[in-house]
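The values are calculated or read from the model by the stated rules, or taken from the named source; none is laboratory data. What you see is a predicted model; the values in this text were computed from it and never measured. Every residue, glycine as well, gets a Cβ built from its backbone with ideal geometry; the counts of neighbours run over all protein chains shown.
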Amino acid sequence: MLIRLAIAWMLGIVIAEQARPPTGWLWAAAGVGLVMALAVRGQQRGTLRLAALALLCAALGGLRYMGTLPALGPQSVSSLSGRGEVVLTGSVAGEPRRSEEQQRVVLQVETATVEGATAAYEGLVLVVLPPYPAYAYGDRLEVRGALRRPRGAERPGEFDYRAYLAHRGIFVMMTKPEEARRLTGQDGLAPLRAVLAFRAHCQAVLLRTLPEPQAALAIGVVLGIQSSIPDEVYRTFSITGTSHILVVSGWNFTIVAGMLGALAARLRLGRGATLALALAVMWVYAVFTGASAAVLRAAAMASLAAVARATDRSSEPWHLLLGACWLITLADPHTLWDPGFQLSALATASLFAYATPVAAWFNRRPFNWPMMAPVTEALVATFAAQALTLPLILYAFGNLSLVAPLANIVIVPVVPFAMALGALALVGGLIWLPLGQWLALGAWLPFTWIAEGARLLAMPRWASAQVPPFPLWLLLGCYAAIGLHWWSRLRTAGESA
(Lines give C-alpha, C1' and ligand atoms only; values in the text may rest on other atoms or scores of the structure.)
Protein backbone atom coordinates (compact mmCIF):
# COMPACT_ATOMS: atom_id res chain seq x y z
CA MET A 1 0.00 0.00 0.00
CA LEU A 2 2.79 2.44 0.88
CA ILE A 3 4.32 2.03 -2.58
CA ARG A 4 1.00 2.80 -4.30
CA LEU A 5 0.37 5.83 -2.11
CA ALA A 6 3.84 7.21 -2.83
CA ILE A 7 3.20 6.77 -6.56
CA ALA A 8 -0.18 8.54 -6.18
CA TRP A 9 1.56 11.43 -4.39
CA MET A 10 4.04 11.89 -7.26
CA LEU A 11 1.31 11.54 -9.89
CA GLY A 12 -0.58 14.32 -8.10
CA ILE A 13 2.50 16.53 -8.40
CA VAL A 14 2.81 15.82 -12.14
CA ILE A 15 -0.91 16.45 -12.77
CA ALA A 16 -0.74 19.73 -10.84
CA GLU A 17 2.28 20.82 -12.91
CA GLN A 18 0.51 20.07 -16.18
CA ALA A 19 -3.05 21.21 -15.37
CA ARG A 20 -2.43 23.93 -12.73
CA PRO A 21 -5.88 23.36 -11.16
CA PRO A 22 -7.33 25.83 -8.64
CA THR A 23 -6.25 24.96 -5.11
CA GLY A 24 -9.91 24.81 -4.10
CA TRP A 25 -10.39 21.81 -6.35
CA LEU A 26 -7.41 20.07 -4.80
CA TRP A 27 -8.67 20.75 -1.29
CA ALA A 28 -12.07 19.36 -2.32
CA ALA A 29 -10.45 16.22 -3.77
CA ALA A 30 -8.43 15.76 -0.58
CA GLY A 31 -11.59 16.10 1.50
CA VAL A 32 -13.46 13.57 -0.64
CA GLY A 33 -10.60 11.11 -0.37
CA LEU A 34 -10.40 11.51 3.41
CA VAL A 35 -14.17 11.11 3.92
CA MET A 36 -14.28 8.04 1.67
CA ALA A 37 -11.33 6.44 3.47
CA LEU A 38 -13.03 6.92 6.83
CA ALA A 39 -16.57 6.01 5.75
CA VAL A 40 -16.10 3.00 3.45
CA ARG A 41 -17.38 -0.31 4.83
CA GLY A 42 -18.16 -3.84 3.63
CA GLN A 43 -16.47 -6.41 1.46
CA GLN A 44 -14.94 -3.88 -0.92
CA ARG A 45 -13.43 -1.95 1.95
CA GLY A 46 -9.84 -2.74 1.02
CA THR A 47 -10.05 -1.70 -2.64
CA LEU A 48 -12.21 1.38 -2.07
CA ARG A 49 -10.16 2.48 0.90
CA LEU A 50 -6.96 2.22 -1.17
CA ALA A 51 -8.57 4.27 -3.95
CA ALA A 52 -9.70 6.89 -1.46
CA LEU A 53 -6.26 7.13 0.13
CA ALA A 54 -4.66 7.35 -3.31
CA LEU A 55 -6.98 10.26 -4.16
CA LEU A 56 -6.07 11.92 -0.87
CA CYS A 57 -2.32 11.50 -1.50
CA ALA A 58 -2.59 12.72 -5.10
CA ALA A 59 -4.48 15.82 -3.98
CA LEU A 60 -1.97 16.51 -1.22
CA GLY A 61 0.89 16.09 -3.70
CA GLY A 62 -0.78 18.61 -6.00
CA LEU A 63 -1.27 21.03 -3.12
CA ARG A 64 2.38 20.68 -2.11
CA TYR A 65 3.46 21.51 -5.66
CA MET A 66 1.10 24.47 -6.01
CA GLY A 67 2.36 25.83 -2.71
CA THR A 68 5.91 26.04 -4.07
CA LEU A 69 5.05 28.19 -7.10
CA PRO A 70 6.45 31.70 -6.71
CA ALA A 71 4.21 34.74 -6.94
CA LEU A 72 5.64 36.74 -9.85
CA GLY A 73 4.44 40.18 -8.82
CA PRO A 74 5.65 43.63 -9.88
CA GLN A 75 8.62 43.41 -7.51
CA SER A 76 9.78 40.12 -8.99
CA VAL A 77 13.12 40.40 -10.78
CA SER A 78 11.60 38.49 -13.71
CA SER A 79 9.56 41.61 -14.52
CA LEU A 80 12.81 43.37 -15.51
CA SER A 81 13.43 41.08 -18.49
CA GLY A 82 13.85 43.07 -21.70
CA ARG A 83 14.03 46.45 -19.96
CA GLY A 84 17.62 47.17 -20.87
CA GLU A 85 20.57 47.49 -18.54
CA VAL A 86 19.91 46.98 -14.81
CA VAL A 87 22.12 46.84 -11.72
CA LEU A 88 21.36 44.00 -9.30
CA THR A 89 22.65 43.44 -5.78
CA GLY A 90 22.22 40.23 -3.83
CA SER A 91 23.96 37.13 -2.52
CA VAL A 92 25.07 33.87 -4.09
CA ALA A 93 22.27 31.42 -3.27
CA GLY A 94 24.16 28.16 -3.84
CA GLU A 95 27.48 26.72 -4.85
CA PRO A 96 28.44 28.10 -8.30
CA ARG A 97 28.79 25.61 -11.14
CA ARG A 98 32.23 26.08 -12.67
CA SER A 99 33.82 24.98 -15.90
CA GLU A 100 37.00 25.88 -17.76
CA GLU A 101 35.30 28.80 -19.55
CA GLN A 102 32.79 30.18 -17.02
CA GLN A 103 31.00 29.98 -13.69
CA ARG A 104 27.23 29.98 -13.32
CA VAL A 105 26.08 31.84 -10.23
CA VAL A 106 22.53 31.90 -8.88
CA LEU A 107 21.98 35.34 -7.39
CA GLN A 108 19.31 35.93 -4.73
CA VAL A 109 18.31 39.47 -5.63
CA GLU A 110 17.79 42.14 -2.96
CA THR A 111 17.67 45.40 -4.94
CA ALA A 112 17.61 46.48 -8.57
CA THR A 113 18.47 49.81 -10.15
CA VAL A 114 16.53 50.59 -13.33
CA GLU A 115 16.96 53.92 -15.16
CA GLY A 116 18.62 55.42 -12.08
CA ALA A 117 15.90 54.39 -9.61
CA THR A 118 16.75 51.76 -6.98
CA ALA A 119 14.03 49.63 -5.39
CA ALA A 120 13.69 46.37 -3.50
CA TYR A 121 13.20 43.32 -5.72
CA GLU A 122 13.09 39.58 -5.09
CA GLY A 123 13.73 36.38 -6.97
CA LEU A 124 16.61 34.39 -8.44
CA VAL A 125 18.78 35.24 -11.43
CA LEU A 126 21.25 32.95 -13.19
CA VAL A 127 24.38 35.01 -13.88
CA VAL A 128 27.04 33.64 -16.26
CA LEU A 129 30.44 35.04 -15.29
CA PRO A 130 34.08 34.42 -16.28
CA PRO A 131 35.81 31.66 -14.29
CA TYR A 132 37.83 34.17 -12.25
CA PRO A 133 37.55 35.68 -9.75
CA ALA A 134 35.83 32.64 -8.27
CA TYR A 135 32.77 33.31 -6.15
CA ALA A 136 31.35 31.16 -3.36
CA TYR A 137 28.08 30.57 -1.54
CA GLY A 138 27.08 33.56 0.58
CA ASP A 139 29.19 36.14 -1.28
CA ARG A 140 27.41 39.44 -1.85
CA LEU A 141 27.64 40.70 -5.44
CA GLU A 142 26.68 43.63 -7.61
CA VAL A 143 26.20 42.87 -11.31
CA ARG A 144 25.28 45.15 -14.21
CA GLY A 145 23.79 43.97 -17.48
CA ALA A 146 20.62 43.05 -19.37
CA LEU A 147 18.19 40.36 -18.26
CA ARG A 148 16.58 37.90 -20.65
CA ARG A 149 14.44 34.81 -20.44
CA PRO A 150 16.13 31.41 -20.91
CA ARG A 151 15.77 29.64 -24.23
CA GLY A 152 12.92 27.14 -24.46
CA ALA A 153 12.71 23.94 -26.48
CA GLU A 154 12.34 24.59 -30.21
CA ARG A 155 11.20 21.10 -31.24
CA PRO A 156 9.76 17.96 -29.56
CA GLY A 157 12.33 15.97 -27.64
CA GLU A 158 14.76 18.88 -27.31
CA PHE A 159 15.99 19.80 -23.83
CA ASP A 160 13.84 22.63 -22.46
CA TYR A 161 16.30 24.82 -20.58
CA ARG A 162 13.60 27.35 -19.68
CA ALA A 163 11.49 24.70 -17.95
CA TYR A 164 14.59 23.24 -16.28
CA LEU A 165 15.41 26.61 -14.68
CA ALA A 166 11.77 27.38 -13.88
CA HIS A 167 11.62 24.28 -11.66
CA ARG A 168 14.46 25.86 -9.70
CA GLY A 169 12.65 29.16 -9.34
CA ILE A 170 14.78 30.90 -11.99
CA PHE A 171 12.92 32.76 -14.74
CA VAL A 172 15.56 35.23 -16.01
CA MET A 173 19.30 35.15 -16.62
CA MET A 174 22.17 37.53 -17.29
CA THR A 175 24.61 35.94 -19.70
CA LYS A 176 26.94 38.83 -20.50
CA PRO A 177 27.15 41.19 -17.54
CA GLU A 178 28.99 44.41 -18.21
CA GLU A 179 30.39 44.45 -14.68
CA ALA A 180 30.47 42.23 -11.60
CA ARG A 181 32.06 43.00 -8.28
CA ARG A 182 32.09 41.50 -4.80
CA LEU A 183 30.54 43.56 -2.01
CA THR A 184 31.48 43.53 1.65
CA GLY A 185 29.82 41.07 4.00
CA GLN A 186 28.40 37.59 3.56
CA ASP A 187 24.93 36.07 3.66
CA GLY A 188 23.65 32.53 3.88
CA LEU A 189 23.93 29.84 6.54
CA ALA A 190 27.27 29.89 8.34
CA PRO A 191 27.41 26.06 8.80
CA LEU A 192 26.78 25.53 5.08
CA ARG A 193 29.46 28.08 4.20
CA ALA A 194 31.89 26.20 6.44
CA VAL A 195 31.06 22.82 4.83
CA LEU A 196 31.44 24.18 1.30
CA ALA A 197 34.68 25.97 2.20
CA PHE A 198 36.09 22.71 3.58
CA ARG A 199 34.96 20.97 0.39
CA ALA A 200 36.86 23.53 -1.68
CA HIS A 201 39.93 22.93 0.51
CA CYS A 202 39.64 19.18 -0.10
CA GLN A 203 39.47 19.84 -3.83
CA ALA A 204 42.65 21.89 -3.63
CA VAL A 205 44.38 19.09 -1.69
CA LEU A 206 43.49 16.48 -4.32
CA LEU A 207 44.71 18.78 -7.07
CA ARG A 208 48.09 18.91 -5.31
CA THR A 209 48.32 15.17 -4.65
CA LEU A 210 47.45 13.76 -8.09
CA PRO A 211 48.27 14.80 -11.66
CA GLU A 212 45.61 15.52 -14.27
CA PRO A 213 43.26 14.02 -15.33
CA GLN A 214 43.49 11.66 -12.35
CA ALA A 215 42.98 14.53 -9.89
CA ALA A 216 39.81 15.69 -11.65
CA LEU A 217 38.41 12.15 -11.64
CA ALA A 218 39.22 11.75 -7.94
CA ILE A 219 37.46 15.03 -7.19
CA GLY A 220 34.39 13.80 -9.06
CA VAL A 221 34.29 10.32 -7.51
CA VAL A 222 35.14 11.30 -3.92
CA LEU A 223 33.76 14.84 -3.62
CA GLY A 224 31.05 14.84 -6.28
CA ILE A 225 32.52 17.89 -8.07
CA GLN A 226 32.46 17.52 -11.85
CA SER A 227 33.35 21.09 -12.77
CA SER A 228 37.10 20.39 -12.66
CA ILE A 229 36.86 17.51 -15.16
CA PRO A 230 38.14 18.71 -18.57
CA ASP A 231 35.47 18.79 -21.29
CA GLU A 232 37.38 16.34 -23.47
CA VAL A 233 37.68 13.83 -20.62
CA TYR A 234 34.00 14.17 -19.73
CA ARG A 235 33.10 13.62 -23.39
CA THR A 236 34.87 10.25 -23.39
CA PHE A 237 32.80 9.10 -20.40
CA SER A 238 29.62 10.28 -22.11
CA ILE A 239 30.48 8.39 -25.29
CA THR A 240 31.26 5.19 -23.39
CA GLY A 241 28.13 5.38 -21.23
CA THR A 242 30.13 5.57 -17.98
CA SER A 243 29.30 9.13 -16.85
CA HIS A 244 27.51 7.65 -13.84
CA ILE A 245 30.83 6.80 -12.15
CA LEU A 246 31.75 10.50 -12.01
CA VAL A 247 28.95 11.35 -9.60
CA VAL A 248 28.32 10.44 -5.98
CA SER A 249 25.72 7.68 -5.84
CA GLY A 250 24.27 5.02 -3.59
CA TRP A 251 27.56 3.11 -3.80
CA ASN A 252 29.32 5.92 -1.93
CA PHE A 253 26.72 5.83 0.82
CA THR A 254 27.01 2.04 1.05
CA ILE A 255 30.72 2.43 1.75
CA VAL A 256 30.09 5.20 4.29
CA ALA A 257 27.43 3.09 6.04
CA GLY A 258 29.80 0.11 6.18
CA MET A 259 32.59 2.20 7.68
CA LEU A 260 30.22 3.65 10.28
CA GLY A 261 28.95 0.17 11.17
CA ALA A 262 32.48 -1.07 11.74
CA LEU A 263 33.31 2.01 13.83
CA ALA A 264 30.16 1.60 15.93
CA ALA A 265 30.96 -2.06 16.56
CA ARG A 266 34.51 -1.21 17.66
CA LEU A 267 33.28 1.54 19.97
CA ARG A 268 30.45 -0.71 21.25
CA LEU A 269 27.82 1.92 20.65
CA GLY A 270 24.15 1.17 21.25
CA ARG A 271 21.54 1.12 18.50
CA GLY A 272 20.33 4.63 19.18
CA ALA A 273 23.82 6.12 19.16
CA THR A 274 24.76 4.14 16.04
CA LEU A 275 21.65 5.34 14.21
CA ALA A 276 22.23 8.96 15.23
CA LEU A 277 25.87 8.76 14.10
CA ALA A 278 24.92 7.16 10.77
CA LEU A 279 22.19 9.70 9.98
CA ALA A 280 24.36 12.67 10.96
CA VAL A 281 27.40 11.56 8.95
CA MET A 282 25.43 10.52 5.85
CA TRP A 283 23.52 13.79 5.62
CA VAL A 284 26.61 15.88 6.26
CA TYR A 285 28.30 13.87 3.49
CA ALA A 286 25.28 14.51 1.24
CA VAL A 287 25.60 18.27 1.77
CA PHE A 288 29.38 18.01 1.47
CA THR A 289 29.11 16.38 -1.96
CA GLY A 290 26.72 18.99 -3.34
CA ALA A 291 23.26 17.80 -2.22
CA SER A 292 22.09 17.14 -5.77
CA ALA A 293 18.78 15.36 -6.25
CA ALA A 294 20.50 12.04 -7.01
CA VAL A 295 22.67 12.37 -3.90
CA LEU A 296 19.64 13.19 -1.75
CA ARG A 297 17.82 10.13 -3.13
CA ALA A 298 20.77 7.92 -2.21
CA ALA A 299 21.09 9.53 1.22
CA ALA A 300 17.38 9.11 1.91
CA MET A 301 17.47 5.43 0.92
CA ALA A 302 20.54 4.81 3.07
CA SER A 303 18.92 6.62 5.99
CA LEU A 304 15.71 4.58 5.72
CA ALA A 305 17.77 1.39 5.56
CA ALA A 306 19.64 2.45 8.71
CA VAL A 307 16.35 3.13 10.51
CA ALA A 308 15.04 -0.28 9.37
CA ARG A 309 18.12 -2.04 10.75
CA ALA A 310 17.93 -0.15 14.04
CA THR A 311 14.25 -1.06 14.53
CA ASP A 312 14.51 -4.67 13.31
CA ARG A 313 12.16 -3.95 10.41
CA SER A 314 12.49 -5.30 6.90
CA SER A 315 14.28 -2.93 4.55
CA GLU A 316 12.35 -4.06 1.44
CA PRO A 317 14.06 -2.28 -1.46
CA TRP A 318 10.93 -0.99 -3.21
CA HIS A 319 9.70 0.57 0.03
CA LEU A 320 13.08 2.23 0.51
CA LEU A 321 13.14 3.63 -3.03
CA LEU A 322 9.57 4.97 -3.00
CA GLY A 323 9.96 6.19 0.57
CA ALA A 324 13.09 8.11 -0.41
CA CYS A 325 11.34 9.60 -3.45
CA TRP A 326 8.38 10.65 -1.30
CA LEU A 327 10.63 12.33 1.28
CA ILE A 328 12.56 14.23 -1.38
CA THR A 329 9.46 15.38 -3.26
CA LEU A 330 7.84 16.35 0.03
CA ALA A 331 10.77 18.69 0.63
CA ASP A 332 10.88 19.91 -2.98
CA PRO A 333 8.28 18.67 -5.49
CA HIS A 334 10.26 20.17 -8.39
CA THR A 335 12.90 17.47 -7.87
CA LEU A 336 10.76 15.22 -10.08
CA TRP A 337 11.97 17.25 -13.08
CA ASP A 338 15.66 16.99 -12.20
CA PRO A 339 17.35 14.75 -14.84
CA GLY A 340 19.88 13.47 -12.31
CA PHE A 341 17.12 12.42 -9.92
CA GLN A 342 15.13 10.80 -12.73
CA LEU A 343 18.08 8.74 -13.97
CA SER A 344 19.17 7.80 -10.44
CA ALA A 345 15.70 6.65 -9.39
CA LEU A 346 15.08 4.81 -12.66
CA ALA A 347 18.46 3.05 -12.51
CA THR A 348 17.74 1.89 -8.96
CA ALA A 349 14.24 0.71 -9.87
CA SER A 350 15.58 -1.03 -12.96
CA LEU A 351 18.13 -2.95 -10.89
CA PHE A 352 15.39 -4.02 -8.45
CA ALA A 353 13.10 -5.14 -11.27
CA TYR A 354 15.47 -6.71 -13.79
CA ALA A 355 18.68 -7.75 -12.01
CA THR A 356 17.32 -11.24 -11.22
CA PRO A 357 15.99 -12.11 -14.72
CA VAL A 358 19.07 -10.65 -16.42
CA ALA A 359 21.33 -12.67 -14.10
CA ALA A 360 19.29 -15.80 -14.85
CA TRP A 361 19.67 -15.15 -18.58
CA PHE A 362 23.45 -14.84 -18.25
CA ASN A 363 23.64 -17.96 -16.09
CA ARG A 364 22.14 -19.97 -18.95
CA ARG A 365 24.85 -18.85 -21.37
CA PRO A 366 27.96 -20.90 -22.23
CA PHE A 367 30.34 -18.31 -20.74
CA ASN A 368 29.01 -18.82 -17.21
CA TRP A 369 32.36 -19.89 -15.80
CA PRO A 370 33.60 -19.10 -12.26
CA MET A 371 36.47 -16.98 -13.61
CA MET A 372 33.92 -14.88 -15.51
CA ALA A 373 31.95 -13.97 -12.35
CA PRO A 374 33.25 -10.35 -12.09
CA VAL A 375 32.57 -9.76 -15.79
CA THR A 376 29.11 -11.30 -15.56
CA GLU A 377 28.28 -9.20 -12.50
CA ALA A 378 29.23 -6.00 -14.31
CA LEU A 379 27.22 -7.03 -17.38
CA VAL A 380 24.17 -7.87 -15.27
CA ALA A 381 24.27 -4.48 -13.54
CA THR A 382 24.79 -2.67 -16.87
CA PHE A 383 21.97 -4.37 -18.78
CA ALA A 384 19.56 -4.33 -15.82
CA ALA A 385 20.04 -0.61 -15.25
CA GLN A 386 19.62 0.14 -18.98
CA ALA A 387 16.09 -1.28 -19.09
CA LEU A 388 14.54 1.85 -17.55
CA THR A 389 17.23 4.48 -18.08
CA LEU A 390 17.96 3.99 -21.79
CA PRO A 391 14.63 5.43 -23.08
CA LEU A 392 15.10 8.58 -20.98
CA ILE A 393 18.76 8.92 -22.03
CA LEU A 394 17.79 8.68 -25.69
CA TYR A 395 14.95 11.19 -25.23
CA ALA A 396 16.95 13.73 -23.23
CA PHE A 397 20.42 13.41 -24.73
CA GLY A 398 20.07 11.37 -27.93
CA ASN A 399 23.31 9.49 -27.21
CA LEU A 400 23.34 5.72 -27.70
CA SER A 401 26.63 4.26 -26.48
CA LEU A 402 27.49 1.09 -28.40
CA VAL A 403 30.49 0.32 -26.20
CA ALA A 404 28.74 0.81 -22.84
CA PRO A 405 28.63 -2.91 -21.91
CA LEU A 406 32.35 -3.37 -22.61
CA ALA A 407 33.22 -0.04 -20.93
CA ASN A 408 31.33 -0.99 -17.78
CA ILE A 409 33.10 -4.36 -17.66
CA VAL A 410 36.50 -2.69 -17.98
CA ILE A 411 35.96 0.39 -15.79
CA VAL A 412 33.25 -0.16 -13.15
CA PRO A 413 34.99 -2.95 -11.14
CA VAL A 414 37.93 -0.61 -10.56
CA VAL A 415 35.82 2.28 -9.21
CA PRO A 416 35.54 1.05 -5.58
CA PHE A 417 39.33 0.76 -5.32
CA ALA A 418 39.78 4.19 -6.87
CA MET A 419 37.28 5.73 -4.46
CA ALA A 420 38.83 4.11 -1.38
CA LEU A 421 42.42 4.94 -2.35
CA GLY A 422 41.43 8.47 -3.42
CA ALA A 423 39.72 9.06 -0.07
CA LEU A 424 42.80 7.71 1.72
CA ALA A 425 45.05 10.10 -0.22
CA LEU A 426 42.71 12.98 0.64
CA VAL A 427 42.74 12.19 4.36
CA GLY A 428 46.54 11.90 4.27
CA GLY A 429 46.83 15.20 2.41
CA LEU A 430 44.58 16.94 4.94
CA ILE A 431 46.86 15.73 7.74
CA TRP A 432 50.14 16.48 5.95
CA LEU A 433 50.44 17.21 2.23
CA PRO A 434 53.57 15.08 1.61
CA LEU A 435 51.78 12.14 3.25
CA GLY A 436 48.84 12.59 0.88
CA GLN A 437 51.17 12.77 -2.11
CA TRP A 438 52.86 9.54 -1.05
CA LEU A 439 49.49 7.79 -0.53
CA ALA A 440 48.29 9.13 -3.89
CA LEU A 441 50.77 6.81 -5.61
CA GLY A 442 48.36 3.97 -4.86
CA ALA A 443 45.35 5.94 -6.17
CA TRP A 444 47.11 6.92 -9.40
CA LEU A 445 46.89 3.44 -10.96
CA PRO A 446 43.09 2.87 -10.68
CA PHE A 447 42.29 6.43 -11.77
CA THR A 448 44.66 6.06 -14.72
CA TRP A 449 42.96 2.78 -15.64
CA ILE A 450 39.58 4.53 -15.58
CA ALA A 451 40.71 7.56 -17.59
CA GLU A 452 42.66 5.60 -20.21
CA GLY A 453 39.98 2.92 -20.49
CA ALA A 454 37.33 5.54 -21.26
CA ARG A 455 39.63 7.34 -23.70
CA LEU A 456 40.57 4.24 -25.69
CA LEU A 457 37.00 2.91 -25.87
CA ALA A 458 35.71 6.32 -27.02
CA MET A 459 38.16 6.52 -29.94
CA PRO A 460 36.26 4.48 -32.59
CA ARG A 461 33.79 6.50 -34.62
CA TRP A 462 31.16 3.82 -34.06
CA ALA A 463 31.52 4.01 -30.23
CA SER A 464 28.25 5.94 -30.00
CA ALA A 465 25.38 6.95 -32.25
CA GLN A 466 23.09 9.97 -32.17
CA VAL A 467 19.37 9.18 -32.07
CA PRO A 468 17.04 11.72 -33.74
CA PRO A 469 14.71 13.60 -31.34
CA PHE A 470 11.36 11.94 -30.71
CA PRO A 471 8.18 13.21 -28.99
CA LEU A 472 7.23 12.76 -25.36
CA TRP A 473 4.28 10.49 -26.16
CA LEU A 474 6.67 7.94 -27.67
CA LEU A 475 8.79 7.98 -24.48
CA LEU A 476 5.69 7.49 -22.33
CA GLY A 477 4.50 4.70 -24.63
CA CYS A 478 7.86 2.97 -24.27
CA TYR A 479 7.61 3.07 -20.47
CA ALA A 480 4.00 1.86 -20.63
CA ALA A 481 5.14 -1.15 -22.67
CA ILE A 482 7.96 -1.88 -20.21
CA GLY A 483 5.52 -1.61 -17.31
CA LEU A 484 3.03 -3.98 -18.94
CA HIS A 485 5.80 -6.48 -19.66
CA TRP A 486 6.99 -6.36 -16.07
CA TRP A 487 3.42 -6.70 -14.72
CA SER A 488 2.69 -9.70 -16.95
CA ARG A 489 5.95 -11.32 -15.87
CA LEU A 490 5.00 -10.87 -12.22
CA ARG A 491 1.56 -12.40 -12.87
CA THR A 492 3.11 -15.35 -14.64
CA ALA A 493 5.59 -15.88 -11.78
CA GLY A 494 2.75 -15.64 -9.24
CA GLU A 495 0.58 -18.17 -11.09
CA SER A 496 3.45 -20.64 -11.48
CA ALA A 497 4.21 -20.35 -7.75
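Matching residues to (1) in the same structural domain as residue 386 (by TED's automatic domain parsing); (2) small (Gly, Ala, Ser); (3) within 20 Å of the chain's Cα centre (by Cα):
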{"residue": "152", "(1), (2), (3)": "no, yes, no"}
{"residue": "161", "(1), (2), (3)": "no, no, yes"}
{"residue": "164", "(1), (2), (3)": "no, no, yes"}
{"residue": "177", "(1), (2), (3)": "no, no, no"}
{"residue": "204", "(1), (2), (3)": "no, yes, no"}
{"residue": "211", "(1), (2), (3)": "no, no, no"}
{"residue": "222", "(1), (2), (3)": "yes, no, yes"}
{"residue": "227", "(1), (2), (3)": "yes, yes, yes"}
{"residue": "234", "(1), (2), (3)": "yes, no, yes"}
Return the total of residues in the stretch 157-166 being in contact with a helix residue (DSSP H, G or I) (Cβ under 8 Å, 6 or more places away or on another chain) and either part of a helix (DSSP H, G or I) or at pLDDT 90 or above (or both). 2
Single match in 223, 210 (criterion: surrounded by 15 or more Cβ atoms within 10 Å (Cβ to Cβ) and touching a Cys at 6+ places or on another chain (Cβ under 8 Å)): 223
Quick one: residue 241 ticks every box in (1) in contact with a strand residue (DSSP E or B) (Cβ under 9 Å, 6 or more places away or on another chain); (2) farther than 30 Å from residue 468 by Cα bar one, so which box is it? (2)
Output for Cβ contacts, cut-off 9 Å, separation at least six or different chains, first residue without any contact (Cβ under 8 Å) to a residue 40 or more places away in the chain in the stretch 3-26, second of a type outside the set (A, V, I, L, M), reads 19/62; 25/62
Please verify whether residue 84 is closer than 30 Å to residue 111 by Cα, touching a residue at least 60 places away in the same chain (Cβ under 8 Å) and either of a type outside the set (Phe, Trp, Tyr) or buried (at least 19 other Cβ atoms within 10 Å of the Cβ) (or both), treating the condition exactly as stated. yes
Could you check, for the stretch 175-194, whether at least one of its residues is at pLDDT 85 or above, crowded, with 19+ Cβ neighbours inside 10 Å and closer than 30 Å to residue 110 by Cα? yes
